[in-house]
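The values are calculated or read from the model by the stated rules, or taken from the named source; none is laboratory data. Quantities reported herein were computed from a predicted structural model and do not represent experimental measurements. With ideal geometry, Cβ positions are generated from the backbone for all residues, glycine too; neighbour counts draw on all protein chains shown.
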Amino acid sequence: MDKFLIRGGNPLKGTVSISGAKNSALPCMAAALLTPETVILHNLPYARDIITQRRLLEDLGATVLTPELRTHKINASHVEVFEAPYELVKTMRASVLALGPLLARFGKAKVSLPGGCAIGTRPIDLHLAGFEKLGAEIRLEAGNVVARAPQSGRLIGTEIRFEKVTVTGTENLIMAASLAKGKTILHNAAREPEVIDLCELLNRMGARVRGAGTETIEIEGVQALGGAEHTIIPDRIETGTFIVAAAITGGELEIKDCRPEHLQSVIDKLTEVGVEIEEVNSSTLAARKRKPLRSCELNTAPYPEFPTDMQAQYMALMTQSEGRSVIAETVFENRFMHASELQRMGARITLDGHHAMVDGPTPLAGAPVLASDLRASASLVLAGLVADGESIIHRVYHIDRGYERIEAKLRAVGADIERLRESVTGTLEQVPGDVAVA
Ligand code: EPU
């Protein structure tokens, strides 16, 4: 298993380019299952979850060509298998996004029920309740969800109100409803930019989806969908992570190929704590720290509020800010795994249920730490960049799931970070230069 070796203390300086959004790429890839024609996706991030999703599509029978590194041409004209097995779902929960498209187009699907994970129990009951409202029959069989469309083979449009805002639940239901008979209205839908991106792709494929980006989405089902070409939006969480990297190291970064309007809540909060963020143009931000940072409370919540996917990185920053900040995680019940690792580096953090109290500023000291999930790994990398001495971040496969070559991007702007590979004999090897994540 790979590790990162970071020697902290270098202020980051230079330009970084933001990759495509993993959480938009995953549903868009699944959407290719809705049509026998070819869907071409550009700007896919070169990250592990994208490779896993590609494998799922290929296992189902689709062909995926890669004319360029970040472009996939997906053709699902011959789907022979209608199942996302445990081996895939356990490594990537987003494989449940195959359920909606398979059920809508083929009238049947089987997906292993995802268990809990490092950030919470994460049930998919809201996805399943929605499919049932569309007329599907849902059974649980040996740990799998088995779904069947009504006798006619086609789902039936209806009105669905989500009890709780769910991103992939909204995406799954939009995809399922796009081929249903009649109109579906989703209430309390997720408003994330990734949902809008998926709907743009679906509409290019011939779907009739209106209201994406609001809490009410209307889908007029169509008989069939066709091919389309689409470019994935930039990753707003990667953008936010690099803003924090500039601030925590006392450096200055130009962050290009991003969409500032997708992270307004993050920009507002980081500005409030004292990070200077300038919108250079519609796709470029400049971030720097010129004065000491101050602490500020934070609540995570669905879009357009502050994203849970930036909470861990914010916590790392708060260890360097003056005063006490109280962070409330309201989306996932167990998303503070990074706190105890940050404590090992000297951070002063107290946990109380879904609140974390961070007292700063505290000088951090390099230490060996363990990454528990994707965003937790990002926060440990950020802490390592400002810590005194050497940090080793174990289990960086978590970070490889969602960030494209983060160590190469950081090194290019002055960070002292190396990927260490474990050789077959168990000793560590240092990998020189730019190393691809896969
Ligand atoms: N929930 C239910 N029942 C459901 C679905 C969700 O109770 O059927 C609960 C969840 O347990 C959670 C809340 O609703 O407490 C919100 O979960 P949501 O369904 O929105 O999360 P998700 O769709 O599984 C996506 C992202 C996550 C991101 C969350 C929240 C993808 C592939 N994943 O997950 O991304 O944290 O939305 O914004 O889009 C990440 O990238 O690191 C990541 C975890």
Residues that are modelled with pLDDT of 95 or more, farther than 16 Å from Pro193 by Cβ and in contact with a Pro (Cβ under 8 Å, 6 or more places away or on another chain): does the range 254-270 have at least one?
no
Could you check Ile392 against (1) touching a Pro at 6+ places or on another chain (Cβ under 9 Å); (2) assigned to a loop (DSSP other than H, G, I, E, B) and say which number it fails?
(2)
With the checklist (1) modelled with pLDDT of 95 or more; (2) surrounded by 20 or more Cβ atoms within 10 Å (Cβ to Cβ) in hand, flag the one item Asp352 doesn't pass.
(2)
Only one of Ile349, Ile327, Ile277 is within 16 Å of the ligand (Cβ to nearest atom) and assigned to a strand (DSSP E or B); which?
Ile327
Considering only residues that are within 16 Å of the ligand (Cβ to nearest atom), surrounded by fewer than 24 Cβ atoms within 10 Å (Cβ to Cβ) and among the small types (Gly, Ala, Ser), which ones fall in the range 371-423?
Ser372
Any idea which of Glu341, Glu297 is within 25 Å of the chain's Cα centre (by Cα), in contact (Cβ under 8 Å) with a residue 12 or more places away in the chain, over 24 Å from Asp197 (Cβ atoms) and surrounded by 16 or more Cβ atoms within 10 Å (Cβ to Cβ)?
Glu341
Flagged in the range 8-31 as more than 16 Å from the ligand (Cβ to nearest atom) and either touching a Phe, Trp or Tyr at 6+ places or on another chain (Cβ under 9 Å) or of a type outside the set (S, T, N, Q) (or both), in numbering order, are Gly8, Gly9, Pro11, Leu12, Lys13, Gly14, Val16
Within the range 79-109, how many residues turn out to be under 15 Å from Val39 (Cβ atoms) and free of Cβ contacts under 8 Å to residues at least 24 places away in the same chain?
0
Where residues in the range 90-125 are within 12 Å of the ligand (Cβ to nearest atom) and either polar (S, T, N, Q) or farther than 30 Å from Ala371 by Cβ (or both), which of them is modelled with the highest pLDDT?
Ser95
Just to be sure I understand the filter: pairs with C-beta atoms under 8 Å, separated by 6 or more residues or on different chains, first member in the range 167-181 and within 13 Å of the ligand (Cβ to nearest atom) and small (Gly, Ala, Ser), second member part of a helix (DSSP H, G or I) and at pLDDT 95 or above. Which pairs pass?
Gly169/Leu126; Gly169/His127; Gly169/Gly130
Scan of the range 126-158 for residues that are modelled with pLDDT under 95 and within 15 Å of the ligand (Cβ to nearest atom), ordered by number:
Leu140, Val145
With the condition being in contact with a Gly (Cβ under 9 Å, 6 or more places away or on another chain) and surrounded by 13 or more Cβ atoms within 10 Å (Cβ to Cβ), I'd like the strands (runs of 3 or more DSSP E) fully within the range 63-169 carrying at least 1 qualifying residues.
71-75, 108-112, 144-148, 159-161
Can you tell which of Ile196, Ile185, Ile217 is away from the ligand (no atom under 16 Å from the Cβ), of a type outside the set (Ser, Thr, Tyr) and under 22 Å from Tyr303 (Cβ atoms)?
Ile185
Any idea which of (1) more than 28 Å from Arg93 (Cβ to Cβ); (2) in contact with a strand residue (DSSP E or B) (Cβ under 6 Å, 6 or more places away or on another chain); (3) not basic (Lys, Arg) is the one Val386 doesn't satisfy?
(2)
